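One structure is given here, and the rest of the page talks about it.
The values are calculated or read from the model by the stated rules, or taken from the named source; none is laboratory data. Computed from a predicted model, the values in this text were never measured in an experiment. We place every Cβ from the backbone using ideal geometry, glycine too, and count neighbours over all the protein chains shown. Accessible surface is based on the protein model in full, side chains and every heavy atom, while ligands, DNA and RNA are left aside. Shrake-Rupley method; radii C 1.70, N 1.55, O 1.52, S 1.80 Å.
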Amino acid sequence: MITFEQLGLRAELLSSIRELGYEQPTPIQQEAIPQVVGSEKDLLATAQTGTGKTAAFGLPMLHKLEDNVKSIQGLVLCPTRELCLQVAADLKTYSKHMRNVSVTAVYGGSSIDQQIKELRAGSQIVVGTPGRTLDLIRRKKLIVSDIKFLVLDEADEMLSMGFQDDLDAILASSPDHKQTLLFSATMPSPILKMVNKYMTDPVTITVISENKSSENVTHAYFVVKNRDRYAAIKRLADLNPDIYGIIFCRTRRETKEVADSLAQDGYNADALHGDLSQAQRDQVMRKFRRKNLQLLVATDVASRGLDVDSLTHVINYNLPDDYDLYIHRSGRTGRGSNHGESLLLINPSEARAIKALERKIGKKIELRKVPVGADIFEKQLFSMIDRVENVSIDNSKMDAFMPAILEKLSGMDREDLIKRFVSIEFNRFAEYYKDNQDINANGQTKDRNAQRNNHNEDFATFFLSLGRRDKMEPTTIFRILDEFLPFKGIEIGKIEIFKNHTIIELDSQHKDVVISSFESAEYKGRSLIMRLSQFTQKTTKPNKKYKGKSSRGRKFGRR
Ligand code: AMP
């Protein structure tokens, strides 16, 4: 067994590690710490949240700090305020036995004057979000010209949040000679470009995504039509009255819609997404951490930095954009000795993605049925009986009413009384679930006709004024959709490319967004028309027919 002592870290850091109770370095720490401690070389590490990456860069950076140098020696850039605070807090904990080490966090949505004051008092390490960091550099309040270390944490997230220009500007102010450590969960091509631009012959480390808690997580999926996703979520929440979980959605808009509908339908749910102010986000997170909120509907980015250990469920409202996201999400449940469930809703055309996902996580994903009324009814009823069994009774307040209550109910025997009390809820459940139909759509994955019908219901057919003559190919169309729509990954049904136009099926839920997004659109200097097609029956044969091209199929591995 490799120990922290063997990694060559200084005694003050080893003391903190012992106090934290870390028994053994994690795989990324075993590789990164001795590498950074013993070499000046840049480091490129593929590692997800939860692998111990903060200590993997934080400990060797602290180890190499020069105690008597008062200026900023290390700059750590993170995508979100939450992560920034978490990383700064971890670095403070690790360095608490070191003398003269001060760590400052700088991030947007909080007083810049206060942060300037902290910087003026002297900091050896600054942890910042790119926007605020650059702002402070431009105001000459944050001097990074002497840094020895630059850490880019969750670099893929920083790029996908649009921080490329800020990063370029920050890097331009930093010295050429420094040790750059880049950590990223995924290595898409924009990251590799960044590596070429900013790093010199880096040593690479890849830690196979280790979902430490994976034995404690059961994975299951449900097949429903797109329009039944929301109903399915409600039934899953109803089936698990004690649920404490996160529902992951793909876009801010979807997050808001699902959370608003759940709240309106009486569920204890709220949304966490990037359109909220920092104060609103903090408030939602606080409520959720304190368990005053049962269901948090969130985007992946907004929920980063929210570390909650006792989640019972993670629900994927739709198939995530890539496998790594699924691993991230499901790793948020089943922590410690808790058991958790990672549930996934897919539509019939996405069934083949399950196999690929199973290979990636190395575990079976069970096909389950969305419960029908009778299943939920029974579960809710017994959950209520449990509550009756466990409810605490405030005798001091009850005693005053008891004589009158007993008097009023004196003519009823025990069984009659129980039946009456239970019926108060029982009748409500019975009424609510009486029309609760089967919304499972699994059978349709095999039944071609049914699948076709399902497609027709789930997709709206659009006319696009570009065709073979304009060199349209499915990939060109995907690109056009990504460019004009306000979100990525709309579900695509059939694409039929004709000489002068294309007929394309798109998720009918987003019909209006598609229409408004293409209003006055231009493509290569020509106006581009995307409108609902008049034809449901095609009379001419298309030049090329791409059947069943599903966005989910193409989305895996993309990005
Ligand atoms: P990170 O990937 O940096 O977000 O770390 C995930 C969690 O693992 C944090 O709660 C750390 O405190 C914890 N952690 C980091 N390194 C170790 C270790 N060697 N042993 C036990 N826990 C650790």
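Scanning segment 167-178 for residues that are outside any loop (DSSP other than H, G, I, E, B) and either open to solvent by 10 Å² or more (accessible area, probe 1.4 Å) or acidic (Asp, Glu) (or both) gives 168, 169, 171, 172, 173.
Yes or no, residue by residue, for (1) open to solvent by 60 Å² or more (accessible area, probe 1.4 Å); (2) closer than 30 Å to residue 319 by Cα; (3) not assigned by TED's automatic domain parsing to the domain that holds residue 318; (4) not charged (D, E, K, R):
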position	(1), (2), (3), (4)
353	no, yes, no, yes
356	no, yes, no, yes
361	no, yes, no, yes
413	yes, no, yes, no
419	yes, no, yes, no
425	no, no, yes, no
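Take the residues in segment 26-35 that are touching a residue at least 40 places away in the same chain (Cβ under 8 Å) and more than 11 Å from the ligand (Cβ to nearest atom), then tell me which one is farthest from residue 180 (Cα to Cα). Checking each candidate, the answer is 31.
The set of residues from segment 375-409 being touching a helix residue (DSSP H, G or I) at 6+ places or on another chain (Cβ under 8 Å), open to solvent by less than 70 Å² (accessible area, probe 1.4 Å) and under 30 Å from residue 437 (Cα atoms) comprises 376, 377, 380, 381, 384, 385. Among the residues here, residue 297 does not qualify as open to solvent by 40 Å² or more (accessible area, probe 1.4 Å), in the same structural domain as residue 258 (by TED's automatic domain parsing) and closer than 17 Å to residue 254 by Cα. Does residue 184 count as within 20 Å of the chain's Cα centre (by Cα) and open to solvent by less than 30 Å² (accessible area, probe 1.4 Å)? Criteria met by residue 184. For segment 444-457, the criterion of being modelled with pLDDT of 85 or more, more than 30 Å from residue 252 (Cβ to Cβ), open to solvent by less than 90 Å² (accessible area, probe 1.4 Å) and not charged (D, E, K, R) is met by none of the residues.
Looking at segment 16-25, which of the residues that are open to solvent by less than 30 Å² (accessible area, probe 1.4 Å) and touching a residue at least 60 places away in the same chain (Cβ under 8 Å) is nearest to the ligand (Cβ to nearest atom)? Filtering segment 16-25 for residues that are open to solvent by less than 30 Å² (accessible area, probe 1.4 Å) and touching a residue at least 60 places away in the same chain (Cβ under 8 Å), the one nearest to the ligand (Cβ to nearest atom) comes out as 17. Identification of helices (runs of 4 or more DSSP H) wholly contained in segment 317-434 with 2 or more residues that are under 21 Å from the mean Cα position of the chain (by Cα) yields 323-330, 351-361.
Elements of the type helices (runs of 4 or more DSSP H) sitting completely within segment 99-166 and holding at least 1 residues that are among the hydroxyl-bearing types (Ser, Thr, Tyr) and open to solvent by 30 Å² or more (accessible area, probe 1.4 Å): these cover 155-160.
Selection over segment 36-93 of residues that are open to solvent by 20 Å² or more (accessible area, probe 1.4 Å), modelled with pLDDT of 95 or more, outside any helix (DSSP H, G or I) and within 16 Å of the ligand (Cβ to nearest atom) gives a count of 0.
For segment 167-221, taking the residues that are assigned by TED's automatic domain parsing to the domain that holds residue 134 and of a type in the set (Phe, Trp, Tyr), the one that is modelled with the lowest pLDDT is identified as 198.
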